[in-house]
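Chemist: Structure below; questions to follow.
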Amino acid sequence: MPVLLHSPGITDVTIAATPQKGVYQQVEKDMKDAETLLTNYTSATLGYNDVATLTAVQAMLARVYFILGRLPAKRSKQIQ
């Protein structure tokens, strides 16, 4: 899966796939950044549940860590 960190141009028709390790590293970085930005945005403080919250970000990050922890040893070595 390609991880695009910029807007591709019209001539960018072939975009190389990003290695699995790179995808998980980017997801973790994005979730950590979101955690910092959403420090005061919890369902309890907002009173409603229709926006991204710190709790949602932490749940997604936990899921990523859970998935990485459940990979077979061979796959875990490929990612680390």
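The numbers here are math on the coordinates, done by the rules we state, and not lab data. The structure displayed is predicted, hence computed values, not measured ones. Methodologically, a virtual Cβ is constructed for each residue, glycine included, from the backbone with ideal geometry; neighbour enumeration extends over all protein chains shown.
Chemist: Quick one: which residues, 5+ away or cross-chain, put their amide H under 5 Å from the amide H of Thr42? H built at 1.01 Å from N.
Modeler: Those qualifying (amide H under 5 Å, at least 5 residues apart or on another chain) are Leu54.
Chemist: Using a 7 Å offset from the Cα along the Cα-to-Cβ direction at both Asp30 and Val64, what is the distance between the two label points in nm, to one decimal?
Modeler: Using points 7 Å along Cα→Cβ, the separation is 0.8 nm.
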